[in-house]
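Each remark here refers to the structure printed beneath this line.
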2 protein chains.
Amino acid sequence: MTATLYVCTTCRAGEIIEEDMPRPGALLHDALTQAGAPEGVAIVGTECLSACSQGATVALAEPGKWTYVYGRMSAENADDILAGAAAYAATADGLVPWRERPVIFRKQSLARIPPLNMPLEAKT
Amino acid sequence: MTATLYVCTTCRAGEIIEEDMPRPGALLHDALTQAGAPEGVAIVGTECLSACSQGATVALAEPGKWTYVYGRMSAENADDILAGAAAYAATADGLVPWRERPVIFRKQSLARIPPLNMPLEAKT
């Protein structure tokens, strides 16, 4: 199974961007793909993750795991994001121990969503 | 197939809450379950959706559909949330036409995440 690291490529990160200038989300996507996906992770650019005021945005998802969304990311965070994605991919449920998460993941969570296959009683 | 409406029951919605007082997230969960889930929707309380500064928070998810997370919700929004959940449940992909979304869903999106089964080329 492969974890997916979604990267919003259209994110303006709250900036006013000239039409022919690269967007912060696209720059982040470039930095991530150039650094290279760790084992068990696929990097997938998406057109909008609807977190525009908190961009640039990434999300981590995999069947059977919690989904996480992180905001206010930039190309300078690429190494931390990839380390966090590798740690996520190595878990069974997406729950990386707090101290093993990159600081940007601890501080810049926008949301998490339970796995769809989780028994209802385990979520409440 | 059933859409899941996750409701963060521990959300303090940015307020300082006495330990024995009901939390805004729990009040929202109560209002939603009392109003009753529309056809095709299951209401599921969760302990934390990690969007604490933007709570109370709800999320809509279903296998094969886009996942949506909405913030700054309160018990007063229960009817709108249930209407939006019913519209989501009626779609094939989770994409409700913009004008058919409740205003609180248009204005208070925290994030959306693509369906895990979407072909990669369709996301970029």
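Only one of the listed residues (B:Pro38, B:Pro63) is within 11 Å of chain A (Cβ to nearest Cβ), in contact (Cβ under 8 Å) with a residue 40 or more places away in the chain and over 25 Å from A:Ser53 (Cα atoms). That residue is B:Pro63. Has the range A:9-25 got at least one residue that is buried (at least 16 other Cβ atoms within 10 Å of the Cβ), under 24 Å from B:Tyr70 (Cβ atoms) and facing chain B (nearest Cβ under 10 Å)? Yes - at least one qualifying residue is present in the range A:9-25. Name the single residue that is surrounded by the fewest Cβ atoms within 10 Å (Cβ to Cβ) among those in the range B:52-79 being among the aliphatic types (A, V, I, L, M) and within 12 Å of the chain's Cα centre (by Cα). Here the residue is B:Ala78. Remark: B:Thr91 matches the filter, which requires a residue to be assigned to a loop (DSSP other than H, G, I, E, B), surrounded by 15 or more Cβ atoms within 10 Å (Cβ to Cβ) and at pLDDT 95 or above. Pairs linking a residue in the range A:1-21 that is within 20 Å of A:Gln34 (Cα to Cα) to a residue that is surrounded by fewer than 23 Cβ atoms within 10 Å (Cβ to Cβ) and among the polar types (S, T, N, Q), with Cβ atoms under 8 Å and 6 or more positions apart or on different chains, are A:Thr9/B:Thr124.
Taken as a whole, the condition of being over 28 Å from B:Phe105 (Cα atoms), away from chain B (no Cβ under 11 Å) and either buried (at least 20 other Cβ atoms within 10 Å of the Cβ) or among the polar types (S, T, N, Q) (or both) applies to A:Leu32. Inspect all residues belonging to the range B:98-110 and state whether any of them is under 18 Å from A:Val58 (Cβ atoms), buried (at least 22 other Cβ atoms within 10 Å of the Cβ), within 10 Å of another protein chain (Cβ to nearest Cβ) and small (Gly, Ala, Ser). No: zero hits. Select from the range A:66-106 the residues that are polar (S, T, N, Q) and within 17 Å of A:Gly25 (Cα to Cα) and list them in ascending order. The answer is A:Ser74, A:Asn77.
Scanning the range A:95-117 for residues that are closer than 26 Å to B:Val44 by Cβ and hydrophobic (A, V, I, L, M, F, W, C) yields A:Leu95, A:Val96, A:Trp98, A:Phe105, A:Leu110, A:Ala111, A:Ile113, A:Leu116. Sub-7 Å Cβ pairs linking a first residue in the range A:75-86 that is within 16 Å of A:Val44 (Cβ to Cβ) to a second residue that is among the acidic types (Asp, Glu) and not in a helix (DSSP H, G or I), at least 6 apart or interchain, number zero.
The values are calculated or read from the model by the stated rules, or taken from the named source; none is laboratory data. Quick caveat, the model's predicted, so the values are computed rather than measured. Virtual Cβ from ideal backbone geometry, glycine too; neighbours counted across all protein chains shown.
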